[in-house]
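Contents: one structure, followed by commentary.
The values are calculated or read from the model by the stated rules, or taken from the named source; none is laboratory data. Just so it is clear, the model here is predicted, and its values are computed rather than measured. Neighbour counts are summed over all protein chains in view; Cβ atoms, including those assigned to glycine, are modelled from backbone coordinates with ideal geometry.
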Amino acid sequence: MRFIAITLIVHGPHPLTGEVKTTTARLREVVDNAVLAEELGFDGFGVGERHERPFISSSPPVVLSHIAAKTSRIRLFTAVTTLSLLDPVRAFEDYSTLDHLSGGRLELIIGKGNGAAQAKLFHVTAEDQWERNREGYELFRRLWREDSVTWTGRFRPGLREAEALPRPLQRPIRVWHGSATSKDSVELAAKWGDPLFSANVTNPVEPYAELIDHYRERWAFHGHDPADAVVGAGSAGYYAARTSQEAVETYRPIYEARLALFRKAGLDPVFPTLEDAIERGSILVGSPRQIVDKVHRYHERFGHEVMHIAADADGLTDKQHRAALELFQSEIAPVLRRDIPSRPFPGPAVTA
């Protein structure tokens with residue numbers, strides 16, 4: 001199994017102290033966490049894309065470019081690139097440039113995005129967002145592979161023998177399709193023979209497992225070898241300590257602060273207690289052995305070979321955050337890497 005640390009760059013009050021970092025400090029913290037992830041041995045680091053409060057992750061290629069300059073080995077992920085909102089030509093130019101600057105370490109996770117603000121900022125509606133995502137990806141895919149593209153679509157002006165520069169380093173690049181609840185992303189991934197990344201954050205295991213099962217069915221329907229399907233899955237939070245009691249005691253106030261935010265927003269939490277979240281959800285809180293066992297249970301249902309954990313401290317102190325990540329890499333990751341086979345991440349297909 002391989003592991004990536006992901007941040008959506010939430011920018012809000014500290015869940016326990018109420019302190020709010022400056023935007024500059026929060027963005028620098030993201031870069032520092034990426035450097036730490038590489039130092040500790042994570043395979044990848046991901047930056048989300050959101051266009052509304054409480055996130056400040058509206059420009060993943062800029063953040064990832066800075067991370068690329070501070071690191072040398074770790075794979076760089078988007079989580080997710082919202083192609084339903086973006087001009088695919090401009091997105092190609094940004095990410096092709098980043099591909100070179102990172103030495104071919106870029107991997108994209110694409111999706112339609114979510115949130116009401118995108119309709120106001122980009123005039124993308126619930127009625128057309130899936131079709132925009134599909135059309136945007138299919139053009140983006142061609143731009144990455146073809147030196148000259150002639151194309152017509154619904155949502156942007158057509159292209160005639162268009163050349164988009166710079167030409168990318170990785171040819172082709174691997175593109176994952178992020179999926180939370182809809183079969184549209186699953187179908188797009190299966191059609192093009194691309195890997196699927198299940199959000200696996202909000203709900204119990206079954207809805208996500210059903211989507212992954214559907215992906216594998218559609219993968220075979222489109223004529224792909226079932227052995228070639230690749231699945232990744234997320235998690236809803238992470239804190240490991242030597243004993244489960246210590247882990248739960250430390251993480252409980254953080255989780256209860258999260259519940260309070262849900263209720264303040266008028267939302268009913270799916271898991272009303274930390275114990276319920278540990279039992280039925282994807283949150284990874286406990287001893288190393290408990291977390292290993294839980295990932296194994298999810299793997300039995302998903303068959304995934306890549307997993308993400310939260311990159312942010314999320315209310316932990318810096319010391320607690322680092323200690324938990326070190327424990328992950330020293331006692332959890334080695335067991336899961338041994339027990340769950342995974343294919344290597346791709347590298348650049350060309351070197352000049």
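Worth a mention:
- Any hit, segment 161-178, residues being more than 23 Å from HIS224 (Cα to Cα) and outside any loop (DSSP other than H, G, I, E, B): yes
- For segment 123-176, taking the residues that are closer than 21 Å to GLY111 by Cβ and touching a residue at least 60 places away in the same chain (Cβ under 8 Å), the one that is surrounded by the fewest Cβ atoms within 10 Å (Cβ to Cβ) is identified as PRO172.
- Residue satisfying condition, being part of a helix (DSSP H, G or I), closer than 28 Å to LYS21 by Cβ, of a type outside the set (Gly, Ala, Ser) and in contact with a helix residue (DSSP H, G or I) (Cβ under 8 Å, 6 or more places away or on another chain), within set ARG252, ARG218: ARG252
- Entry remark, segment 16-43: residues being under 19 Å from the mean Cα position of the chain (by Cα) and not in a helix (DSSP H, G or I) number 3 in total.
- If the condition is being in a loop (DSSP other than H, G, I, E, B) and under 21 Å from GLY113 (Cα atoms), then segment 124-160 contributes VAL124, THR125, ALA126, GLU127, ASP128, GLY153, ARG154, PHE155, ARG156.
- Taking the criterion of being more than 28 Å from LYS21 (Cα to Cα) and either in contact (Cβ under 8 Å) with a residue 12 or more places away in the chain or of a type in the set (Ser, Thr, Tyr) (or both), the residues of segment 283-293 that qualify are GLY286, SER287, PRO288, GLN290, ILE291, VAL292.
- Between ARG280, ARG252, the distinction of being in contact (Cβ under 8 Å) with a residue 12 or more places away in the chain, more than 26 Å from PHE197 (Cα to Cα) and surrounded by fewer than 18 Cβ atoms within 10 Å (Cβ to Cβ) belongs to ARG252 only.
- Filter result for PRO346 (in a loop (DSSP other than H, G, I, E, B) and either within 23 Å of the chain's Cα centre (by Cα) or more than 21 Å from LEU76 (Cα to Cα) (or both)): yes
- Residue within segment 232-243 that is surrounded by fewer than 13 Cβ atoms within 10 Å (Cβ to Cβ), of a type in the set (A, V, I, L, M, F, W, C) and either more than 25 Å from VAL80 (Cβ to Cβ) or in contact with a Pro (Cβ under 9 Å, 6 or more places away or on another chain) (or both) present: no
- Hits in segment 267-277 - residues which are surrounded by 19 or more Cβ atoms within 10 Å (Cβ to Cβ) and either without any contact (Cβ under 8 Å) to a residue 24 or more places away in the chain or within 25 Å of ARG75 (Cβ to Cβ) (or both): PHE271
- Search result, residues across segment 304-345 that are in contact (Cβ under 8 Å) with a residue 12 or more places away in the chain and basic (Lys, Arg): ARG322, ARG337, ARG343
- Figure legend. Inter-residue proximity from segment 37-66: first residues on the phi < 0 side of the Ramachandran plot and of a type in the set (Phe, Trp, Tyr), second residues crowded, with 21+ Cβ neighbours inside 10 Å and not in a strand (DSSP E or B), beta-carbon distance below 7 Å, spacing 6+ or different chains. Indicated pairs: PHE42/ILE74; PHE45/ALA34; PHE45/ALA37; PHE45/ILE67; PHE45/ILE74; PHE45/ALA311; PHE55/ILE9.
- ALA352 of a type in the set (A, V, I, L, M, F, W, C) and at pLDDT below 95: yes
- One residue from ILE254, ILE309, ILE340, ILE332 being under 30 Å from GLY104 (Cβ atoms), of a type outside the set (Ser, Thr, Tyr) and in contact with a Pro (Cβ under 8 Å, 6 or more places away or on another chain): ILE332
- Residues in segment 178-197 that are closer than 18 Å to GLY115 by Cα and either among the aromatic types (Phe, Trp, Tyr) or modelled with pLDDT of 95 or more (or both): GLY178 alone.
- Among all positions in segment 73-89, there is no residue which is without any contact (Cβ under 8 Å) to a residue 40 or more places away in the chain, closer than 21 Å to GLU163 by Cβ and under 18 Å from the mean Cα position of the chain (by Cα).
- Residues of segment 1-59 satisfying the condition of being among the aromatic types (Phe, Trp, Tyr) and surrounded by fewer than 19 Cβ atoms within 10 Å (Cβ to Cβ): PHE55
- For the condition in contact with a His (Cβ under 8 Å, 6 or more places away or on another chain) and either among the charged types (D, E, K, R) or within 21 Å of HIS308 (Cα to Cα) (or both), PHE77 does not qualify.
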